[in-house]
Structure formats: C-alpha cells, structure tokens
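The values are calculated or read from the model by the stated rules, or taken from the named source; none is laboratory data. Because the structure is a prediction, the values reported are computed rather than measured. For neighbour counting, all protein chains shown are included, and Cβ atoms are generated from backbone atoms with ideal geometry for every residue, glycine included. Just so you know, the surface numbers come from the protein's heavy atoms only, side chains and all, with ligands and any DNA or RNA stripped out. Shrake-Rupley method; radii C 1.70, N 1.55, O 1.52, S 1.80 Å.
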Amino acid sequence: MSLWRFLLILFTAVTAWSSAQGEQEYLTSVDRYGFYKVRVSGTMSAVNIQAACEAAGMRYVCNHSGFVRDRHSCTNHWMPGCIKYDDGGVSCVTHEVLADKLCGNTDKVHCLPLDDTFVINPHYLAMTVGWGMDYQTASGGLIGGNYHDKYALCAVSEGLQYMPCMNGGKLENFVCQCPAWATGLKCETDMVDDCERSFCQNGTCLDHLNHYICQCNPGWTGVNCDTAMVNECMNSPCLHGACVDFLGGYTCRCDPGWTGVNCETELLNECLSNPCLMGACVDHQDHYTCRCDPGWTGINCDVDMVDECLSSPCVNGACVDHQNHYTCQCDAGWTGIYCDFDMDDCSSSPCPSNSTCVDQVNGYTCQCAPGWAGDSCQTDIDECSSSPCPANSTCVDDVDSYTCECPLGWTGGSCETEINECASNPCLSGGTCVDELNSYKCLCPEKTAGDNCETAIFATECYYFSADSLSHKDAAVACTTMGGHLADVQGTQEQQLLGDLISHGSDVSHWTSVRTSTASLVYSDGSPVFGSAWMSPTAYGPFDQCVLLDSQDSYQGNYHVCSEEHNFVCESGASVCQYCQNGGVCSSCFADAVVTCECPVGFEGAVCESNIDDCSKSPCHNNGTCIDLVDDFECVCDRGYTGVLCENDLDLCNPNPCPYGWNCVDNVHGIQCEIPDPVAGARTDYCSRYSCGPGWHCMEDGPTGFSCVSG
C-alpha cells in the first residue's frame, strides 16, 4: 500500500469519527440522575470528559459518588462540580454502582454496557485524570491519557429529561431553547415589556407574558380604555337603598326592611306568628325557615325525628340511634362521646426497656435505643458487620459499639499501636533493649549473658540477678536449685561491682547470703563474716536479720527482716567448658546452665559457629568476585581490571594483540581489532579459534575486522 493511499484511509477514518462526537446513549437512572454514554473526540483526559458532558448539556461524573452517610463516606475521588448522588450503599465507585443497576452485580469489567466508558478521577497521585474500563480485556483503572475516542459517562437530572418548556420553548440536549421574548430554565420569564407598544388611552398598562392589559380610569372602559362609561345612578333610581353603577346598568343595595329592584317594597317578618313549634325561626324575604331542636324535624319542627344519626355526629365510629338520642360505637383506637379522642396505645407500656413507645392510631411503634433494631427492638445491631477493625484484629460486637481484640504485640482502639515490650526495661546489667513484634531482644554488654543479661561472668565467678522477689530463705533455695548460692559479698570492691550492675538494670534492692546467726554474721556456708567495711555505718542487726544491697543507700549492705521479699543475687564459680567452636574460649557456671564463648577474630555466634562474611559489603570493584576468608577476603578481578580491590583498569592493547599490526581499540570489556584500510568486498570472516585468548569470545565486525569480548 502506498503512503498516499494510507493517508487517504486515515483521513477518511478521522472524518467519520468526528461526525460521531457527542453521540449519546442512555444507560440507566440512579438517585434522580439519568446516566448517558457520550462520545469524546481525542484523549480521554479529565478536561475532554468534562467538555464533552457540558457540550451535551449534561453534568460530568467522578469516580466516587461524593455521598456521605454515617460512616459511609465516598469523597476520596470526588470533587466539586461532579454530580453528588446517593449510591444506596452499593459502592463508592460509580462504575460499580452502574454495573449493579445494568448487570445485577458490581463486577464492572464484565458489564458490557459500560465498555470503553470513562469518568473523572480526582486525587490520583495528586492529579485529576480520566479513569475507565475495557470489557474485551476485563480491565479497570485505565488512565485516560493512554486512550482516545472513547465514551464519557455523563448525567442529567431526571426532572430535566422530561421537563416541559413554557411559552413555546423547545427542549434540546436537556436545555429549553426559548423564543426571543422569553428566558429562564423553562422559558418562564417574559423579557419584553409589551406596555412599550400598548394603546391604553385612559388607564394604566399592566405587562403580562407576550401581552398587556389596560386598567381603566373611573368612567372609562374597553380593551384600550377608549370608551366613556354612562353613570346609570345619576337619576337616583333606588328608593330605599344605595345605587351601584356598572357598564350598561345599575343595582340597588336595599336598606334593612326593604326589597325590590329599586328597593320599593317593604319586607314583612314571617316569624312574628311563631310558626316553629320545636325550634328557632329564621326570617327570610317572603318566607321563613325553622332550625329544629334535637329529635325534631319537619317544616315547622313538629315531627319527632326517628334517626338522630342523620347529622353524622360520630367522628371516628358508627352512630347507633335511640329515642331522642344516639350513641357512638368508636373505631379501633378511638374513644370519647363523639369518638374524637385518639386512644393512648402506649399506656400499657408494650415496648421493652431499650426503646421508647410512639403512639399511633390503633397501634404503636417502638423507637429503639441506639444499637437495637426489630419490631420489638429485640435484635442487637451487629456493629462489626461493616468490618471496622483492621485485618490484624478481631471485632467484638457490643450494644451500639464494638471493640477490636488485638493480636499479641498490638494495642489501641483500632490495634494501630505496636506494644513496646522494652517499656518495662527488662534488660539487666546495662543491656540495650531492642523492641520486636510481641517480643524483645537484649543486646548484652561484655561479660554479661542471658535473655535479659541477668548473668555477669568474670574470670572465676558468675552472678545471676533475679527478676522476681522472694524471702531470704526462698531465695537461698532458688540459688541452690540453679547450682549456686546467694552471693557472698567479700568486700567493698565486690559490693561496688554488684551495685553498679544492679543500678544499670532493675535498680532495686537484692538479697545477699549474709544473715545473722546467734550474735554473729555468717555467709551461706555458715562461715563467719570477718571485716564488714562494705556494710552501711548505720546498719544495726538484731537476731534473725538478713543483709541486702540497699538501693536506697548506694547499694551498701543493710539489715532487713529475712521474711521480706526482695530480688536476690546468686553466685556460682566459673569453669572451663568445651562447647565453643573454631577455637572459642568457653566459660560455664550454674551447672552449665549459662555458657559463654569468647570468639576469635573472624568468627561469631553463640558458640563461635559462624565465619563473619567479610564480603557482605561488596568490597570488590568493577564486577570483581569476592571470596570470603577468615577475617579477610580476596577479590578475583574481571578481565581488564587488576588491584587488591580490582580498582585498576588494564590497557588491553598494550602490547597489541591484534594480528598483522591491525589497530587495537580498548573498550574496557574487550578489544576491537580494526583493519587500517578495509577494502570493499573483502572477506568478512576473520574470527578463528586463535583470534582471541582464553576466556574471550570473538565477534565479527564485517570487513573492518573483529572484536574480542569477555565471556
């Protein structure tokens, strides 16, 4: 196909598409709005979508409905200018709401009527874009800037779809096109003052829609007030009354007691003879009427009534006639003589205590307290049905509320806060606490070990610092069970060492082994204490007293009653063990319950089992391969590089490896051998098994030569 033929076909296609711009198709209606597909010319950007809807006389639509109800808020991808409609709780997403209407479910990408439709999506990565879907590929979330000539979703108020235009206006694209003299949404406003061309001669002109009316001055009549009126009352025709003139005649308003066309006839009082036997007489001109007492009827109220119910006296019930009286049988829910009082159906307190009774005619409703539903408020509303808690928690329904049961390690109303297991300062002996999810880890200082750094290890002795409190007697048993004994503080230096370790941990008083025995101080083995410079000078010890390192007295020894409960220090001799690998120095205490390894340089781990990876920081340059050694590493350099770290670039063309003295070009990853003066039509296959050295790959470069590349 020639280029000119291709351009002709393209021009024809573009011309045909332009004629479809603005093409409309009705889809469905949601909450007072009719939704349409409207053709868009060009990219499906937010600007083009808005322009297409407005050109069709419609409103543009956002990705979200913009509706807010209770906790249901659909405003994240909505902006002012878009329609705001009630999505009925189906979904915030416009495509899903329409899919539910058109296809019976919210699976928008499989709903054919929505194929190739786009809406405006505000706040997408801080931008406002077109947002669409494609039925053929079952794809949603399409960015409009990547698509052309699709459909915009537009909406128009259902009232405008069938709105009648007034005063001869015609509805086009849901807009009334008014005649020249009218304006307004329905062409209801007259723009022309018809009085400017009126012919009112003897009166005031009043402007109306496309016409005028003349309000005539006294004595004038006619459409334009151009006819003089004759006063028929000038001759005083009314003998006993007032004359009222009108066009072509007059009327007489007679004085009391007179009648006739000209008030010429005197009236008689027909009631003077008392014609009404059982009622009141009402006089009229030339006759009278009787207003009968209850139970009587007839022209002169002389007939006893048979049915007192003819006047329908019962407002909400059936009338039962009796002799000279009646009774009312009230409808359900009504009471009173005339059945005109609504009965209080709430008087028997029919509603449960969690509701308020609202009286109705012959019935009631129970207005439930928050959190309850049902005719009798018997159903506890499940506040967890909306899944208010995050995925890492369990929702527990309460009355008109809920709580989120957090997994281990989390807390907060929505389980949003990770619990800091280091807040209780669990690490002893100056250890550093590292918080983890539902746990923690203690980084222990040198010479300390244990999950909480509770054990201090020295050359010949180990000390264990308890996390719980016991009496002196129970503490001694606990230390013995561990394979040690309560610490024997032998002097000031040991007291200061233990006090320093405690102050950097729990910072509370700890029992030592020292206690009274008769009148002397003894250690855990019963031997007497000689010299007590480490004791507080204010210490006073009667019998049955035990000594603790007092946190309130700089951890000096002080007497306390042995039954008190305090933390305690256990002591055990350190011994050599054989658990460490790779030449680590092993120390154990408390019957091998605590084992530590002092690792040689280059190793790490609980028993020095791991060779430290010296290649972890990738020390070799230029793609060099790092080989880990013990406390060292070695770099194996790629071709073309040298140096301890492969940091030096080799000159691969010195000496020149190319045959026949060809030109050598070093391109870092290989060399290129170029023929100085290539001859047209010369050979193009120069590569042989000897062209490049070992580890190099030969590549033909045509008649100009060949290249050697690594690999």
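Partners of Lys170 within straight-line reach, counting lysines whose Cα lies under 16 Å from its Cα and excluding those fewer than 8 residues away in the same chain: Lys186. Tell me which residues come under 5 Å, amide H to amide H, from His697 once H is placed; ignore anything under 5 positions away on its chain. Correct list: Val709, Ser710, Gly711. Find which of Cys615, Gly483, Asn269 sits farthest along the positive direction of the dipole of the chain, computed with +1 on the beta-carbon of Lys and Arg, -1 on that of Asp and Glu, about the Cα centre. With unit charges placed on the Cβ atoms, the residue in question is Cys615. Only the Cβ atoms of Lys and Arg (+1) and of Asp and Glu (-1) were treated as charged; on that basis the dipole of the chain about its Cα centre amounts to roughly 2420 debye.
Excluding ligands, DNA and RNA, the accessible surface per residue across segment 402-503 is 52 Å² with a 1.4 Å probe.
Per residue, segment 28-135 exposes 41 Å² of solvent-accessible protein surface, assessed with a 1.4 angstrom probe and all protein chains in place. Within the chain, all pairs of alpha-carbon atoms sorted by distance into 10 Å bins from zero give the percentages 2, 7, 7, 7, 8, 11, 13, 11, 9, 6, 5, 4, 4, 4, 2, 0, 0. Dipole orientation for the chain: of the candidates Gln24, His504, Asn438, Gln24 has the Cα lying most toward the positive pole (charges on Cβ; Lys, Arg +1; Asp, Glu -1). The accessible surface of segment 354-426, taken with every protein chain in place and a 1.4 Å probe, is 50 percent carbon and sulfur. Would you give the gap between the C-alpha center of segment 445-461 and the C-alpha center of segment 310-374, rounded to a whole Å? With segment 445-461 and segment 310-374 each reduced to a Cα centre, they are spaced 87 Å. Per-residue ellipticity at 222 nm, computed for the chain from helices alone with -39500 (n - 2.57) per DSSP H run of at least four residues, works out to -2500 deg cm²/dmol.
Computed over segment 386-497, relative contact order equals 12 percent, with contacts defined as Cα pairs under 8 Å that lie 6+ residues apart.
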